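Novice: Please find one structure pasted underneath; my questions will follow.
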Amino acid sequence: MPEVESLMLAKAKECWEQEHEEREAEKARYLTERIPTLQTRGLSLSALQDLCRDLHAKVEVVDEERYDIEAKCLHNTREIKDLKLKVLDLRGKFKRPPLRRVRVSADAMLRALLGSKHKVSMDLRANLKSVKKEDTEKERPVEVGDWRKNVEAMSGMEGRKKMFDAAKSPTSQ
């Protein structure tokens, strides 16, 4: 395998060098086509001044084009930046749907966390103490009596004394 990789890298390097040489040749051909060689030998002072004026006019045209292209480029980069901000704003504005509660047993949750190969049984109800309803009802006897007698017994100062004594007696035991 390393031999194949080294061969591929060598071929890629050759292709890259060939493309680089072709670009340089294209650039040189374009420049010779667009820019003629200057013949300044044997020209009079007025002819040289005319040549300089022509060159300055061409430089001004190129500078104007360069400035226009730079302005367009800056405008496009600003627009791209604004659009990226709008995209980020729109992402944040959408409401996420509310998640529904899902009932999962403890065994299913453990299987999901630990994987199906772990056979862990977690029966939480097995550890609970069982209480019978009948036993609790028998332990609390309900006294049902005449409520008027209770009210009459507790009225007045004697009733307050009984309540005071009743409150004291459980703590003193």
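The values are calculated or read from the model by the stated rules, or taken from the named source; none is laboratory data. All values derive from a computational prediction rather than experimental measurement. Reconstructed Cβ throughout: ideal geometry from the backbone, glycine too, with neighbour counts over all protein chains shown. Accessible surface areas use protein heavy atoms only, side chains included; no ligands, DNA or RNA. Shrake-Rupley method; radii C 1.70, N 1.55, O 1.52, S 1.80 Å.
Novice: Using r as the Cβ-Cβ distance of LEU90 and THR32, and R0 as 45 Å, what FRET efficiency do you calculate, to the nearest 0.05? Mind showing how you got there, number by number?
Specialist: Values: r = 52 Å, r/R0 = 1.15.
FRET efficiency, LEU90 to THR32: 0.30.
Novice: Please compute the per residue accessible area over segment 1-105 with all protein chains in place, 1.4 Å probe, rounded to a whole number of Å². Show your work: numbers first, answer last.
Specialist: Values: 11270 Å² over 105 residues.
Heavy-atom SASA per residue in segment 1-105 reads 107 Å².
Novice: Right, something else. Looking at segment 18-107, which GluC sites (Glu not before Pro) are DSSP coil and have at most 12 other C-beta atoms within 10 Å of their C-beta? Display every interim value, and only then the final one.
Specialist: Values: sites: GLU19, GLU21, GLU22, GLU24, GLU26, GLU33, GLU60, GLU64, GLU65, GLU70, GLU79; in loops: none.
Answer by residue number: there is no such site.
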